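The values are calculated or read from the model by the stated rules, or taken from the named source; none is laboratory data. Given the structure is predicted, the values throughout are model-derived calculations rather than measurements. Cβ sites come from the backbone with ideal geometry, for glycine too, and all protein chains shown count toward neighbours. Note: areas computed on protein heavy atoms with side chains; ligands, DNA, RNA excluded. Shrake-Rupley method; radii C 1.70, N 1.55, O 1.52, S 1.80 Å.
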Amino acid sequence: MDALATLLGYLLIVVVVLGVLAVLALAVGTRAGRRKLLQLVVVLLVVTFFSFSLLHLTPGDPARTQKPFATEEQLKPIREEIGLNEPFLVQYKDWLFNFVQGDFGRDYSTNLPVQDSIGKQLGVSLQLIFYAQFLALALAIPLGIFAAYKAGTWFDKSANSIAFGAIAIPPFVVAFVLIFYLAVQLGWFPTQQYVAFGTDPAEHFKHMFLPALSLAVAQIAIYMRLLRSDMIQTLQEDFITMAKAKGLTNRRILWRHALRPSSFTLLTAAALNFGALIGGAVVIEFVFQLPGMGLGLIQSVSTRQYTAVQAYVALIAVAFVLFNAFVDGVYSVLDPRIRHARAAAA
Amino acid sequence: MPEQQPPESAGTALADDLETTGLVADAFTVEVAGVTAGVQPARKKRLGIGAWLAIVWLVGLILAAVAAPILPIAGANETFTSIQRAQAPFSTITTTGGGTTTPFAEGHVLGGDRNGHDLLSRAIYGARNSLIVGFGAIAFGILVGGTLGLIGGYYRGRIDAVIVGFLDIMLAIPALVLALSLTAVLRGRVDDLWILVIALAIISVPVLGRITRANTLVWSEREFVTAARAQGAKNWRIMTREVLPNVLPAMFSIALLGVAVVISAEAALRLLGIGLSITDPSWGGIINDGRDFLTQGITAHVVFVGSAFIFLTILALNYLADVVRARFDVREAAI
């Protein structure tokens, strides 16, 4: 239904999960790998424990906070449901078991299961992050290549200065500037709201463009500068001189010969940047009122639905940890230097 | 094809950073890496005009924030009917109840917000909160993260493994989500400002800790440390007198970037309705106050005033961080 982007998003999740499993399978073979695995498990346990204890850090009775106008009689089943009568660690164990099985508890302001709303929101957030990352790379790669090619010229210098400035602008400021000029004054884009891809693809992209661009601006600057500095180094290499001597066109040398060896840092940064994008997406979803997980988290916070907050934070953190582990694992498979360095260190 | 020399191996430096940070980085680290990469080392000893502008802006801001009560500006919560725009309650349509909010009107240089506050005074009093949160959180972060990093990098072995594991775990939750959830659950327990400082300090600890540790690892290998040890100096003395002074510039550079990140995070939280309360002015608060004006197409300058203060401050901090890094970075100096 809600097609491509969501599908790609879910595909990404599947790939990450499969990747993690594959890396795990490989890791069990080596001592360093087993240690890495153990670390991953510990990190996951601590992170989920932290998310779980958020409910208990709140002042007052957690059940009362979530349903402020209920009578004592009505609160009883809620206490039972959250498990507040159990010892703390038993509560954590029960919560974790439910969490792993996809039971995230209930939002007591609407009485709906949290996983239902998260299920709807996940796609929107994934779309936003995916579009932003795509936009950032699509613009940063040509800019970075060209800046490296023209290193030292006015283009390079001004691109660098602009990039330096762009990094200093928080995404929400970019969002407001874009909203004011492109949405309010020119009326090219809507200021808020979300339209599903399945409902109207053209409107969908129209509604997603400004949010994605707001998130992407700082990333474009970061990626461009990373690629530029690596590319300048690559262009000094002998094989580039060789390619030039063979009479290849500049375009071919830049895109076919120089880009690949220069893109390692860029891709690492892009992969690890998902954390920044998740954080930024929370604010951007709020500004543009996109019904993603970030907006869901904010709404749960402002209605004091801390059971839901637990679930959101845990889910985001677990996804983030697994994704980083996946990137790490992929690199140790792709780049033997890392693997050997690890083996030597272990 | 360019024939000139590569402007120093910023890329390799980043790759080193990424490797020393164990590839588990997050927003903060990547941002830091992105900012520092591609910077050309300062060959001149003197500060450039950009650095001076940045210093002047920051010093001016700090002075204005400290001296706010004795400056000839309106009080932070003082309202003026001349700039007040009455807003019908619960309505999305703003009715103009006389007065204006635009800049340069009736002695209000930056104009006013919808509550009739003078924006200049709002921004200067806001600087107090934003700077207290920014520098306060990072001071705390340096204290905790720096100590952990120094101990881990110096002693290595088991202690180091525990510290690194601890920092890794803190990095495992996206910074803004961590700050958001901490602020959310802690509110009502302590003063709003302190909650913010604590929450944002916690997100800065792992970043500062990692950088300190990575630098301590390098400096602890140097000859003068061995020499000090041979002379019978105590570990504590070596750490504080031999290693720390050399690690400080790197910490200082990252700390400046950290202040910038924290200021932006504070504004983001305020925007999300989780930061300081309405009566406490902050730059994020100004943006939040002007948001409705902007989306309704009435006026954008309220949002832009708040944004400009945030942008210029972050820009100045980032620039200075680069200057500090370029001046003190051993990797880039010709040894």
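Looking only at helices (runs of 4 or more DSSP H) that fall completely inside the stretch A:263-346, which ones have 2 or more residues that are modelled with pLDDT of 85 or more and either of a type in the set (Asp, Glu) or surrounded by fewer than 24 Cβ atoms within 10 Å (Cβ to Cβ) (or both)?
A:274-288, A:293-302, A:306-334
Just give me the residues in the stretch A:27-52 being more than 9 Å from every other protein chain (Cβ to nearest Cβ) and either within 27 Å of residue A:299 (Cβ to Cβ) or at pLDDT 75 or above (or both), in sequence order.
Those that are more than 9 Å from every other protein chain (Cβ to nearest Cβ) and either within 27 Å of residue A:299 (Cβ to Cβ) or at pLDDT 75 or above (or both): A:34, A:35, A:36, A:37, A:38, A:40, A:41, A:45, A:48, A:49, A:52.
Filter the stretch B:233-244 down to the residues that are open to solvent by 50 Å² or more (accessible area, probe 1.4 Å) and not in a helix (DSSP H, G or I) and list them by number.
Answer for the stretch B:233-244, where residues must be open to solvent by 50 Å² or more (accessible area, probe 1.4 Å) and not in a helix (DSSP H, G or I): just B:234.
For the stretch A:223-240, does any single residue satisfy the condition of being within 13 Å of chain B (Cβ to nearest Cβ), on the phi > 0 side of the Ramachandran plot and open to solvent by 50 Å² or more (accessible area, probe 1.4 Å)?
no
Does residue A:173 count as touching a Ser or Thr at 6+ places or on another chain (Cβ under 9 Å) and open to solvent by less than 40 Å² (accessible area, probe 1.4 Å)?
yes
Which residue pairs have Cβ atoms under 8 Å apart, sit 6 or more places apart or on different chains, and have a first residue in the stretch B:181-210 that is within 13 Å of another protein chain (Cβ to nearest Cβ) and a second that is of a type in the set (A, V, I, L, M) and in a strand (DSSP E or B)?
B:198/B:190
Would you tally the residues in the stretch A:236-262 being assigned to a helix (DSSP H, G or I) and either of a type outside the set (Lys, Arg) or touching a helix residue (DSSP H, G or I) at 6+ places or on another chain (Cβ under 7 Å) (or both)?
Within the stretch A:236-262, residues that are assigned to a helix (DSSP H, G or I) and either of a type outside the set (Lys, Arg) or touching a helix residue (DSSP H, G or I) at 6+ places or on another chain (Cβ under 7 Å) (or both) number 17.
Could we say that residue A:146 is under 30 Å from residue B:256 (Cβ atoms) and either among the β-branched types (Val, Ile, Thr) or assigned to a helix (DSSP H, G or I) (or both) here?
Answer is no for this residue.
Return the pair list, or none, for Cβ contacts closer than 7 Å from residues in the stretch A:285-299 that are without any contact (Cβ under 8 Å) to a residue 40 or more places away in the chain to residues that are in a loop (DSSP other than H, G, I, E, B), at least 6 apart or on different chains.
From the stretch A:285-299, the pairs are A:286/B:272; A:298/B:272.
Being out of contact with any Cys (no Cβ under 6 Å at 6 or more places or on another chain) and surrounded by fewer than 18 Cβ atoms within 10 Å (Cβ to Cβ) narrows it down to one residue among A:116, A:107; which is it?
Being out of contact with any Cys (no Cβ under 6 Å at 6 or more places or on another chain) and surrounded by fewer than 18 Cβ atoms within 10 Å (Cβ to Cβ) holds for just one of A:116, A:107, which is A:116.
Can you pull out the residues in the stretch A:71-85 that are out of contact with any Asp or Glu (no Cβ under 7 Å at 6 or more places or on another chain) and surrounded by 14 or more Cβ atoms within 10 Å (Cβ to Cβ)?
Within the stretch A:71-85, A:75, A:78, A:79, A:82, A:84 qualify.
I'd like the full set of residues that are touching a helix residue (DSSP H, G or I) at 6+ places or on another chain (Cβ under 7 Å) and part of a helix (DSSP H, G or I), limited to the stretch A:57-72.
Selection gives A:57, A:62, A:63, A:64, A:65, A:66.
Kindly establish whether residue A:209 is open to solvent by 20 Å² or more (accessible area, probe 1.4 Å) and either of a type in the set (Val, Ile, Thr) or closer than 27 Å to residue A:161 by Cβ (or both).
When the stated conditions are applied, residue A:209 passes them.
Condition first: more than 20 Å from residue A:153 (Cβ to Cβ) and either away from chain B (no Cβ under 12 Å) or surrounded by 12 or more Cβ atoms within 10 Å (Cβ to Cβ) (or both). Now tell me which residues in the stretch A:243-258 satisfy that.
Hits for the stretch A:243-258 are A:243, A:246, A:247, A:248, A:252, A:256, A:257.
Which numbered condition trips up residue A:51, out of (1) closer than 30 Å to residue A:10 by Cβ; (2) open to solvent by 40 Å² or more (accessible area, probe 1.4 Å); (3) in contact (Cβ under 8 Å) with a residue 24 or more places away in the chain?
(2)
I need the full set of residues from the stretch B:292-307 which are assigned to a helix (DSSP H, G or I), open to solvent by 40 Å² or more (accessible area, probe 1.4 Å) and within 9 Å of chain A (Cβ to nearest Cβ), in order please.
B:295, B:304
Could you grab me the full set of residues in the stretch B:157-171 that are in contact (Cβ under 8 Å) with a residue 12 or more places away in the chain and out of contact with any Pro (no Cβ under 9 Å at 6 or more places or on another chain)?
Within the stretch B:157-171, B:160, B:163, B:164 meet the criteria.
When residues of the stretch B:245-276 are filtered for being free of Cβ contacts under 8 Å to residues at least 60 places away in the same chain, part of a helix (DSSP H, G or I) and either within 14 Å of another protein chain (Cβ to nearest Cβ) or on the phi > 0 side of the Ramachandran plot (or both), how many remain?
Number satisfying all stated conditions: 3.
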